[in-house]
Amino acid sequence: MWQKLWPILRQLSGDDAYERYLAHHAKAHPEEPALARKEFFQREQERKWNGIRRCC
Amino acid sequence: MNNNFTRSLAWFMVAILGAFALSGIALNRGESINAIWLIAAAACIYALAYRFYAAWIAASVLTLDETRATPAERYDDGRDFVPTNRWIVFGHHFAAIAGPGPLIGPTLAAQFGYLPGTLWILIGAVLGGCVQDMTTLFFSTRRNGRSLGQMARDELGPIGGIAALVGTLMIMVILIAVLGLVVVNAMKHSPWATSTVAATIPIAMLVGLYMRNIRPGRVLEGSIIGLGLLLLAVAGGRWINDDATLRVIFDHEGLTLAWFVIGYGFLAAILPVWMLLAPRDYLSTFMKLGTILLLAIAIIVMQPEIRMPALTRFIDGSGPIFGGSVFPFVFITIACGAVSGFHALVASGTTPKLLANERDIRMIGYGGMLLESFVAIMAMIAATVLDPGVFFAINSPAGVVGKAAADAVATISSWGFPVTVEQMERLAHEMGEATLFARTGGAPSLAVGMASIFGSAFGQGMLAMWYHFAIMFEAVFILTTLDAGTRVGRFMLQDFLGNLWPRLGRTSWYPSVILSSALIVAAWGYFLYIGVIDPNGGVNILWPLFGISNQMLAAIALSVGTGILVKSGKFRFAWVTGIPLTWLAIITTAAAWEKLTSDDVRIGFFAAANDLAAKLADGALPPEKAAVAPQLIFNQQLDAWLTLFFVLLLWIIILDMLRVCSRHLRGKPVPPCTESAHEPSRLVENWVRD
């Protein structure tokens, strides 16, 4: 039960965003170096809030 | 065959139970009724609607195609477009659509009794809100995740696009003002509530710092630390409240708090997102989902009795919280939870870019809104388990029932809802507050209701803690909406100003950031300020205005949907979006008509302005009222023009849609359908789902 829930919780909250990014990056652009965890997180957070994210 | 029969029998039983529960709550008169019947009726109606109506819309009206590649599959860029498990998308979508709206609207509408609001939440969601969310999500998915405004422009013409933009901006301004007012009313002269809400700001900053610098990207760790600190802040608030020197720091008038909220809103808008907005959003999302779950468990465990009658005398329009008769005002008061136009922006924003398969649209679009509607039902229960006398004492503004406690209880008791000063004092004492009178806006009465439900389910001794926990919970995500809304408003304004002078459109140019943030904050700050100085409680004015504007946005979304259905040759199904659209047009127009033409000063904007002007000219007002009268008069007139503007915009869009439809049916040229071409999905065959 917990083993099923934990990945869901991590993905929902964005806790595993960096790991998912690395996986995507390795698949899509293997020739380019990936961002470090900190840079990735800063860039994503900035980008995420450029639009309607929350409702009333 | 046998299996089929069992299934049909099960659904038949659900239908019987639903009908039984619904007739129980609708026909019950006199004695009190248990909240579990509301839950049962809601659950059965949702289950039937999801199983049959949503399935039929998915199969016949929209014809979802699970072999068709979604934008997420086709673009899969690892950023915006990512094919995602449907439960994860559901979680994101629900967290995005469920805000404070479905908690506040039902609480205010409880002044009509529990029945009108409950029926509208159920019927409105099943036939209107869920349909709007689902169809918008579908049409946006078929158009590469295009926004509502873009779809309106592409499918109907430029007018629809502009209307969607203007409507969104206006809703944002009014929504933030009214939410700010709710927080101010919860915090005024309450050191405990004020200090707890104030503490959420440094806590959010600390969490932001943790996630950015100390342990970058560790969202769950940061959130758990933040949640622990928030609970400590609730407990610490009691200590501040009991300390004679500290409590003065947090004991403020409504107007002072309003200035704080305005100042906070401006700072939050110009600070980088990592510092305040993003960490606060993590905390509020966890808090929101956790508390909703806790409330559901508590209601099911302790099965409270509903004390509010099915219908109160205020259905005639004389209600103390807001003026106006049950038709059309219950439909305007409860927007979120029944039909919320704002959802269309989320359903045409991030969500369509995450869908892995079209068949998930039913669960996420229709199901997500069902869950929000259920939250509204729970808010209705939390408001109506209170003694009606207590409910009205908390929510009636001083300008209606009188400033002194004795006057207020006398007025409320004379309406047939007995309440005593001692009862209110005891309750306030239990909740750790000096007074609970005239805390209009829904948050405090909801908090009292939640505290009494939590208290009897999980221990009576902590009522004051539960009350302030509930206040903090609402304040946290109201402030998140305030930050996020100001930010969105700023982007939209910058986008618009960029047309006049390109430099202003650059979102990273600081002078433009400050200018546009200041303009947005000034706009909602104005309404908040007026709401606080208005002795009748600004909720009376602002909430209907918010409802009208939100329903207008829903009408835009449903017009776009109807237009697309007709243009894609599905005229015979156009009623699916056409019926909710017609109903919204009727109620919004009727409400606007009353707000403009009613002679009742508590309903009509012009009537109120003229009445106040006449009293001012006669010198009949006490000096403190005379001082603010000119501002109130101006505001009433401004609100009248705003209402007129909303309703005109609504009709322009509907007529524009009808024009496009009729041209299409007569075989004349219309803007072409912009659906993206069919591309087969490769995920279906090689990906085992779930």
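For region B:1-57, trypsin sites (Lys or Arg not before Pro) are listed when DSSP marks them as loop and at most 11 other Cβ atoms sit within 10 Å of their Cβ; the list is B:ARG29. Inter-chain Cβ neighbour count for A:10-21, averaged per residue, equals 5 (cutoff 10 Å, partner chain atoms only).
The modelled label-to-label distance between B:LEU293 and B:SER413, using points 7 Å beyond Cα along the C-beta direction, is 4.5 nm. Work out the count of Lys pairs in the protein assembly as shown where the Cα-Cα distance is under 30 Å, with the pair 8 or more places apart or on different chains. Within the protein assembly as shown, the lysine pair count is 29.
Per residue, the average separation of C-alpha pairs within less than 8 Å and at least 6 apart gives chain B a relative contact order of 24 percent.
Positive contributions from Lys and Arg (+1) and negative ones from Asp and Glu (-1), summed over other residues with Cβ under 14 Å from the Cβ of B:THR168, come out at +4. Which FRET efficiency, nearest 0.05, do B:ARG666 and B:ARG79 yield, Cβ-Cβ r, R0 60 Å? In this case the efficiency is close to 0.85.
Between B:VAL248 and B:GLU679, the simple label model (points 7 Å from Cα in the Cβ direction) yields a spacing of 6.8 nm.
Take B:212-223, B:439-450 and order them by the average number of nearby Cβ atoms within 10 Å per residue, most first; the result is B:439-450, B:212-223.
Peptides B:108-119, B:197-208, A:30-41 ranked from most to least packed by the mean count of surrounding Cβ atoms within 10 Å: B:108-119, B:197-208, A:30-41. Heavy-atom accessible area buried between chains A and B is around 3400 Å² (1.4 Å probe, both sides summed).
Helix B:219-242: angle to the longest alpha-carbon principal axis of chain B, degrees 0 to 90, nearest 10? In chain B, helix B:219-242 runs at an angle near 20 degrees to the longest axis.
A probe of 1.4 angstrom, applied to the heavy atoms of all protein chains, finds B:THR582 with accessible area near 80 square angstrom. For region A:17-56, the equivalent ellipsoid derived from the alpha-carbon gyration tensor has semi-axes of 25, 11, 8 Å in decreasing order. The residues of the protein assembly as shown expose on average 38 square angstrom of accessible surface per residue, using a 1.4 Å probe on protein heavy atoms.
Taking all protein chains together and a 1.4 Å probe, the residues B:VAL301, B:VAL273 rank B:VAL301, B:VAL273 from largest to smallest accessible area. Compared with the dominant principal axis of the Cα atoms in chain B, helix B:463-500 is inclined by about 60°. Which angle from 0 to 90°, rounded to the nearest 10, does the C-alpha axis of helix B:510-533 make with the longest principal axis of chain B? Tilt relative to chain B: about 50 degrees.
Write down Rg/Rh for the protein assembly as shown, rounded to two decimals, with Rg from the C-alpha atoms and Rh from the Kirkwood relation over Cα pairs. Rounded to two decimals, Rg over Rh is 0.95.
The values are calculated or read from the model by the stated rules, or taken from the named source; none is laboratory data. Please read all numbers here as calculations on a predicted model, not as lab measurements. As a convention, Cβ positions derive from the backbone with ideal geometry for all residues, glycine included, and neighbour counts pool all protein chains shown. Ligands, DNA and RNA are stripped out before the accessible areas are found, and what is left, the full protein with its side chains, is counted by its heavy atoms. Shrake-Rupley method; radii C 1.70, N 1.55, O 1.52, S 1.80 Å.
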